[in-house]
Each structure stands twice: as structure tokens, then as C-alpha cells.
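Heads up, the thing below is written out as C-alpha cells.
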Amino acid sequence: MNDLLHDDLDSSDAPSLCHICVVSPTRQIDIALPDAVPLILLMPRLVELTAASTESARQPGPGWTVARIGGEPLDLNHSLGRLGIRNGELLLLSPAEQAPPAVLSDDVIDAVASYSSSQSSLWATGRAQPITCLLLVLTALVAAVTMLRAPAGTHLALASIVLLAIPALITLALLGRPARSPWATTSLLIATVPLATGVLGQFIPGGPGAPHALVVAIYTLCLMVLAARRSPETAHLHTSLATIAVVVALGTIMLMVAPMTPVHAAMAFLAASPFAAALAPRLAVALARLPLPPVPSPGMSLSLADPAGEAPGPTSDPATATAEVESRTVVAYRYLDGLLAAVLVLSGGAATVTAIHLATTDDPHGYAVLALLAVIAAAFLLRGRGIARTAPAVIIASTGAVVATAAMLGAAWSPLVPAPATVAVALAMLLGTFIVGVVLPGGTYTPVQYRLVELLEYLMLALAVPTGLWALELFSYVRGL
């Protein structure tokens with residue numbers, strides 16, 4: 001009989017217990033709980049055992065939570081075994097409405113080491129790539145400046161060696177593994193641009209001018225086309241540099257053909273820059289080859305048939321088509337960021353050239369130049385507030401801020417603008433910047449107020465064209481015909 005009783009006690013049907021230590025706000029107990037029973041069924045008994053008195057345990061009160069020391073509350077619908085609680089662990093029982101006390105450590109060095117290991121990431125492959133890319137471009141700039149400082153023809157042998165090294169660098173970048181390091185590939189290709197500039201400075205007689213800029217722009221454009229096909233991950237950088245190269249090439253051609261100065265070319269681009277930014281989304285969609293439906297026009301027959309679905313191919317599967325559209329959307333976003341970044345760089349450069357001209361002239365026509373800078377800055381600042389994505393909105397608003405800063409600096413050094421007027425406008429801009437950038441965002445506004453801001457933006461765009469013509473003195477030219 002005793003043997004049967006002993007066998008029954010050792011049966012595997014006996015519940016498995018988990019020995020833990022439970023700490024409450026009033027006491028600490030060591031208890032063995034079944035590890036297969038949900039905690040929500042054990043909570044009343046735990047609260048009763050850890051209460052300061054029997055009467056306080058029976059009184060209705062807030063809910064209770066169980067958590068590891070320094071951890072999140074455990075799910076009471078699971079058991080100790082399901083939650084991974086092992087023998088000897090310490091659990092904290094606290095009211096649900098109270099935050100658990102902070103964890104204290106008796107070993108400061110151990111706490112610092114634990115925090116560092118959890119927060120700091122270890123060194124891995126690719127961490128030095130930003131430094132590598134920056135160093136590639138900087139070393140190329142140093143070599144280019146060294147050759148450009150000397151007169152043309154001084155270092156022909158050195159320029160010949162660099163000229164032979166440029167194709168080798170391009171081959172190394174294109175035949176490498178761009179999937180492993182697309183940024184390094186792009187940086188190596190970009191590093192050849194200043195090298196080519198230095199070589200041209202030695203081979204082409206005369207100082208740096210429009211012919212040098214034209215050749216470098218064409219070379220950069222061709223190089224960025226190759227880089228875009230090789231490393232699509234850096235499409236925003238390719239697009240930005242290619243756009244800048246196209247604008248510089250067109251500007252240098254106009255300077256060589258038409259009787260105009262760099263200041264007039266800068267003002268012409270400033271007048272067209274808001275419209276270039278408005279066309280950037282459409283151009284990005286076209287470059288990414290996104291299927292954009294046509295805009296219905298009066299008299300156009302509306303057909304519900306999908307022309308893309310009639311063509312057989314891998315895009316006939318809806319899942320495949322959706323994945324392809326999503327991938328092209330990512331590329332379109334990169335193109336858009338690159339185009340807007342190019343507008344930012346070109347507008348900033350044009351505004352700088354225009355501000356320098358404004359600061360060095362006492363011609364009353366400088367008021368037209370100042371008006372052009374003010375209108376373009378306002379147009380960009382108003383356009384940036386209506387863009388949903390963060391990157392384009394920041395780029396557009398930054399363009400307006402750069403142009404506004406150039407206008408203020410040009411007015412400060414201009415002999416045409418009195419000092420009190422410059423200070424008054426600067427204080428007004430200071431107050432307006434704080435109100436628009438800090439006070440107004442996050443408020444609730446009516447549709448009429450939104451519409452008024454849109455109309456003000458359209459007004460600035462409408463004023464950009466006549467103000468640009470006024471600054472370029474085209475009105476006077478037409479009257480003189």
C-alpha cells in the first residue's frame with residue numbers, strides 16, 4: 001500500500017511548481033506557484049498574501065501588475081511557464097495606477113557597462129564609408145586646386161598623368177561591386193569631376209571661364225547618367241548633380257552666344273526657379289516611369305478599360321504590378337529629392353551672385369533686383385508649407401530661407417538701401433519667422449484661411465515673371481526698340 005502511495009506521489013500528473021520571490025509595496029514573500037496556470041487566476045491570492053492586513057486585502061482597490069525588476073508588466077493572461085519565468089526570479093507586485101520604482105544599482109561600473117552594451121552599436125562593415133566618400137572627394141579637390149592655381153601649360157606632364165588616371169578610376173568604380181557600396185561607387189565617380197576640371201585648366205589656355213565650365217558640365221552629365229544606371233540607390237545624388245550640370249551647360253552657352261553677364265543669367269534662373277520646383281514632381285514621375293493616368297479634358301471619351309492590363313507580361317499579376325509600382329515610387333521620391341536639391345543649390349548660388357551685384361552697385365535699378373529676391377523668397381517659403389513629405393518641404397523652405405538671407409545681406413551692404421530700413425525689415429523678418437515657424441504650426445484654421453494663403457502663394461508666382469523682366473531690364477529694352 002505504501003509503495004502504491006509513493007508511486008502516486010511521484011506521478012508525472014503532479015503540477016509543476018515555480019519557486020519565485022514576490023515583492024510588494026509592504027512585504028516580500030517566497031512562494032511556489034504552478035507554472036501552467038494563468039497569472040490572472042493567481043493574482044487574488046498573491047495580493048492577499050502580500051497585503052499589510054487581511055482587511056486591506058479584502059477592500060476593493062485598483063488592479064495589480066506583476067513585472068520583472070526594471071521590465072514591462074507581464075501579461076496576466078499567460079502562465080509563468082509561458083512568460084519564461086524560472087525558479088529563483090524576483091517579481092515586483094505593484095498597483096496598476098502607480099509606476100514601479102526605478103531600478104537601483106549597487107555597482108556603477110556594471111550599470112555603465114550594461115547601458116553601453118545595450119545602447120552602443122559595435123563596429124561593423126561599412127561604418128567608415130561616409131569618411132571614405134568624403135576623403136575621396138576632398139583629395140580630388142586638393143589635386144584640382146593645385147593644378148588650377150598654376151597658369152595653363154605649367155604642369156602638362158602632371159595633367160597628362162591625371163588624364164590617364166581618370167578612365168582607370170571610372171573603370172574601377174563601374175566594374176566594382178556597387179551593390180555592396182553604392183555610395184563609395186558614386187563618390188569615386190564624383191571625385192573624377194574636380195580632377196577633370198584641373199586637367200582642363202592646364203590644357204585650355206586662359207583663365208577659368210565659360211568654355212571650362214561647359215566641358216566640365218557635359219562631362220558631369222555623362223558621368224551621372226552612367227552612375228544612375230549602375231547605382232540606383234543614390235539616384236537623388238545623381239539627379240541633383242545631373243540637373244546642376246544641365247543648367248550650368250545651358251547658362252554657359254547663353255553667356256558665350258548672347259550678350260549677357262553672369263548676373264543677368266543668375267537673375268533669369270531666379271525668376272524661373274519657382275516654376276522649376278513646381279515641375280519637379282511631374283518630371284520625377286516621368287523619370288521613374290510611373291503609370292500616370294491622363295487628365296480628363298472636355299470632349300474626351302472616358303473608358304473604364306485598363307490599357308496596361310491588356311498587355312501580357314509579368315505586370316499582369318496584381319501582386320507583381322503593386323510591387324513594381326511601389327519600387328518605382330521609391331525611385332520617384334529619390335528623383336524628386338534630387339531635383340529639388342538641385343533647385344536649392346542653383347537658387348542659392350544665383351541669389352548669392354545677385355546679392356553681390358546688389359551690394360556693389362549704386363544704380364537705382366537695384367531696387368528691381370531686391371524686389372526679385374523678395375518675391376522669389378516669399379514664393380518658396382509659401383510653397384514649402386503645403387508639401388506633405390518632410391524632405392521636399394524642408395528643401396523648398398530652405399531655398400526660400402537662403403534667398404531671403406541673400407536679399408538681406410545684399411540690402412545691408414547696398415548703398416541704395418538706408419540702414420534704418422534694413423534694420424526694420426530685419427526685425428520684421430525676425431518676428432515673422434518666429435510666428436510662422438513656432439506659433440502658427442499646429443493650430444486649427446478655417447478653409448478660408450487656407451485659401452487666403454494659397455492665393456498669396458499664387459500672387460507671388462504671378463509676380464515672379466514681371467519682377468524678373470523688370471530686374472533684367474527687358475521692359476526698357478522693348479521700349480527702346
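Quick notes
Per-residue answers, yes or no, for (1) assigned to a helix (DSSP H, G or I); (2) on the phi > 0 side of the Ramachandran plot; (3) touching a strand residue (DSSP E or B) at 6+ places or on another chain (Cβ under 7 Å); (4) of a type in the set (Val, Ile, Thr):
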{"site": "Gly410", "(1), (2), (3), (4)": "yes, no, no, no"}
{"site": "Pro415", "(1), (2), (3), (4)": "no, no, no, no"}
{"site": "Val425", "(1), (2), (3), (4)": "yes, no, no, yes"}
{"site": "Pro466", "(1), (2), (3), (4)": "yes, no, no, no"}
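- Lone qualifier among Ala421, Ala379, Ala388 - being of a type in the set (A, V, I, L, M, F, W, C) and under 23 Å from Glu473 (Cα atoms): Ala379
- Pairs with Cβ under 8 Å, 6+ apart, first in segment 70-85 and on the phi < 0 side of the Ramachandran plot, second basic (Lys, Arg) and surrounded by 13 or more Cβ atoms within 10 Å (Cβ to Cβ): Leu74/Arg68
- Test: Glu72 is at pLDDT 70 or above, farther than 21 Å from Ile20 by Cα and within 45 Å of the chain's Cα centre (by Cα): no
- Residue in segment 145-153 that is among the polar types (S, T, N, Q), loosely packed, with under 13 Cβ neighbours inside 10 Å and not in a loop (DSSP other than H, G, I, E, B) present: yes
- Scope segment 187-215; condition in a helix (DSSP H, G or I), among the hydrophobic types (A, V, I, L, M, F, W, C) and more than 28 Å from the chain's Cα centre (by Cα); matching residues: Leu195, Ala196, Val199, Leu200, Phe203, Ala210, Ala213, Leu214, Val215
- Taking (1) assigned to a helix (DSSP H, G or I); (2) surrounded by fewer than 16 Cβ atoms within 10 Å (Cβ to Cβ); (3) at pLDDT below 85 in turn, Thr315 satisfies each apart from (2).
- Residue match in segment 232-245 (condition: at pLDDT below 80, in a helix (DSSP H, G or I) and more than 23 Å from Gly348 (Cβ to Cβ)): yes
- Any hit, segment 78-97, residues being at pLDDT below 65, assigned to a helix (DSSP H, G or I) and surrounded by 13 or more Cβ atoms within 10 Å (Cβ to Cβ): no
- Residues located in segment 354-367, provided they are modelled with pLDDT of 90 or more and surrounded by fewer than 19 Cβ atoms within 10 Å (Cβ to Cβ): Ile356
- Selection from segment 213-225 of residues that are more than 19 Å from Leu339 (Cβ to Cβ) and either at pLDDT below 85 or among the β-branched types (Val, Ile, Thr) (or both): Val215, Val216, Ile218
- Positions within segment 23-53 being basic (Lys, Arg) and closer than 19 Å to Gly81 by Cα, in sequence order: Arg45
- For Gly386: the one exception among (1) surrounded by 12 or more Cβ atoms within 10 Å (Cβ to Cβ); (2) free of Cβ contacts under 8 Å to residues at least 40 places away in the same chain; (3) not in a helix (DSSP H, G or I): (2)
- Looking across segment 173-200, the residues that are touching a Ser or Thr at 6+ places or on another chain (Cβ under 9 Å) and hydrophobic (A, V, I, L, M, F, W, C) come down to Ala173, Leu174, Ala179, Trp183, Ala184, Leu189, Ile190, Ala191, Val193, Ala196, Val199.
- Some residue of segment 171-186 being outside any helix (DSSP H, G or I), over 28 Å from the mean Cα position of the chain (by Cα) and within 30 Å of Tyr335 (Cβ to Cβ): yes
- All positions within segment 243-263 that are over 32 Å from the mean Cα position of the chain (by Cα) and crowded, with 18+ Cβ neighbours inside 10 Å: Leu255
- Of the criteria (1) over 22 Å from the mean Cα position of the chain (by Cα); (2) of a type in the set (Val, Ile, Thr); (3) under 24 Å from Glu457 (Cα atoms), which one Thr399 fails: (1)
Table: residues versus (1) among the hydroxyl-bearing types (Ser, Thr, Tyr); (2) exposed (fewer than 15 other Cβ atoms within 10 Å of the Cβ); (3) closer than 27 Å to Ala157 by Cβ.
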site	(1), (2), (3)
Thr171	yes, yes, yes
Pro182	no, no, no
Ser187	yes, no, no
Gly209	no, yes, yes
Arg230	no, no, no
Glu233	no, no, no
Leu237	no, no, no
Leu241	no, no, no
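The values are calculated or read from the model by the stated rules, or taken from the named source; none is laboratory data. Computed from a prediction, not measured in an experiment: that's the story for all the values here. When we count neighbours, we look across all protein chains shown, and the Cβ atoms used for this are built from the backbone with ideal geometry, even at glycine.
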